[in-house]
Amino acid sequence: MKKLVSDWFLSFQYIKYLWLWLTVTLTNTGKWVFTLGVTWQVFHITESSFWSGAIMFALMFPNIIGAPVVGVLADKIERRKLIYVAIGFTLIVLTTLTITTMTSVISPLGLVALSFMFGLGSSMINVVINTIVPGIVPKKTLYNAYSLKAVGQRGSEFIGPLLATPLLALMGPQLVYIIGAFIYVLAILFVGFLNVPKMVDDDLIDQENFIPSFITGLNYIRNNRYIFGIIVLVGLHCALTMAFMGMLPSFVTKGLGSKAEFYGFLMSMVGLGAIFGTLSLAGLKSHTLKVKLFWVSSVLSGLSLSFLGLSSNETIAIIAILFVGSSQALFMTLTNAFIQEATDEHVRGRVTSVYYVLAAGLMSIANWVYGWLGNVIDPRLIMVTTGIAFMVVVVLYWGATNKAMVRPKVIKENISV
């Protein structure tokens, strides 16, 4: 039993990884505290899922603009500095939101603009942290490290809304934003302990300007069919199964007839399901089993979303969204680890940024589109349709890859503990 537990939490023996994990957990908790507050606030003001979809678009769209820039910078300069800049962005947004909400001068368009700025900061944090992990744990621990990181990241989807929901119900969104700012300030302390090792020799660092350097990264992906195929599938997964947040307020109020308290609770259940999904991966060592879980999570991601759309009451919705969170988190954790394992260090930042461009970028657009459609079409129908559509995509991808995934070459190990 002791051996099983030690295998499950293997990466925590590396102190640098522990600081990184705490940073991930805090920044993502702050992100979901913010997301809960701002999506409900804009829906409360407008009573339109178009605007809640616009908020999710604004939060995720910066990945299309910011992630490529951050990806290039992460291959050229010290990565910890980028995290400080990103947290600074989020604190400016949270402070502004607190003041404008308390003075009742905020508008739906203003909420969208501030969400865009917040999204820039979140995008920077996600890209940079993903590039740091392979440098602070051995290659044999990489899947465990990304699994535990996902537990912290996805688990914050449970902790954040659970923490913020009573504050939202009792005091309104301004107190939610204050708590979010406090969480990010705390995260800064852990970033200070994070001493990131130098992974690439100076003579291997890309000295090209931004555009040529980014194109080099794109060519690297294009020439690696394994990486290319996974990134495309991730983009479709995010667009078809993970873009339901923009519809969720309308689904809760109109589809289920529930109130703000249940909206926050339902969001937290996504995170709780994600904890179970990612923890199931942390102790696994067999690549064959990981591949099987990849296919299972792919199918369940679409199936569970369709199940959510068919929910007729709160109990069924809770069960469905637990499966949604679990399958989606497992799928994203596996694909992220597959990509990082197969990527050479000198282009890691750029490859990671493209991963986020397609994942969060397409999800942002889909969130807004679904939010707009949710005003004229029952959100439940959209969930059912997109869930089935992704299952069709998985079947096609399964056939195109000859029903298996070839294990990529393992990255060169360069660890400083």
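The values are calculated or read from the model by the stated rules, or taken from the named source; none is laboratory data. If you're wondering where the values come from, they're calculated on a predicted model, not measured in any experiment. Cβ atoms come from the backbone with ideal geometry, glycine included; neighbour counts cover every protein chain shown. For accessibility, only protein heavy atoms count, side chains too; no ligands or nucleic acids. Shrake-Rupley method; radii C 1.70, N 1.55, O 1.52, S 1.80 Å.
Observations on the structure shown:
- Max mean-square fluctuation residue, GNM over the chain, Cα-Cα springs under 10 Å, options LEU109, LEU272, LEU142: LEU109
- For the chain, a Gaussian network of Cα nodes joined below 10 Å ranks SER298, SER280, SER327 by mean-square fluctuation, and the top entry is SER280.
- Short-range pairs are left out: with C-alpha atoms under 8 Å and at least six residues apart, the relative contact order of segment 1-121 is 32 percent.
- The relative contact order of the chain comes to 30 percent, based on Cα pairs under 8 Å that sit 6 or more residues apart.
- Percent of C-alpha pairs per 10 Å bin, segment 219-376, short to long: 10, 36, 34, 15, 4, 0
- Hypothetical label at ILE99: residues of segment 109-135 whose amide nitrogen lies under 17 Å (7 Å Cα-Cβ projection): 110-111, 113-115, 117-118
- Kirkwood hydrodynamic radius over Cα pairs of the chain, then Stokes diffusion coefficient at 4 °C and 1.567 mPa s, in µm²/s: 61 µm²/s
- Protein heavy-atom surface of the chain, 1.4 angstrom probe: 70% of the accessible area is carbon and sulfur, with nucleic acids and ligands not counted.
- Given charges at Cβ of Lys, Arg, Asp, Glu: the chain dipole, positive-most of GLY66, PRO134, SER107: PRO134
- Label-point separation in nm, ASN313 to ARG222, each point 7 Å along Cα→Cβ: 5.6 nm
- Mean accessible surface per residue for segment 125-201, computed with a 1.4 Å probe while every protein chain stays in place, in Å²: 34 Å²
- Computed over the chain with a Gaussian network model linking Cα atoms closer than 10 Å, the most mobile of ILE339, ILE388, ILE77 is ILE77.
- Where a label projected 7 Å from the Cα of ILE92 along Cα→Cβ would reach, residues of segment 101-133 with amide N under 17 Å: 110-125
- Rg followed by Dmax, in Å, when segment 21-134 is reduced to its Cα trace: 14.6, 46
- Residue-normalised accessible area of segment 278-403, expressed per residue, 1.4 Å probe, Å²: 37 Å²
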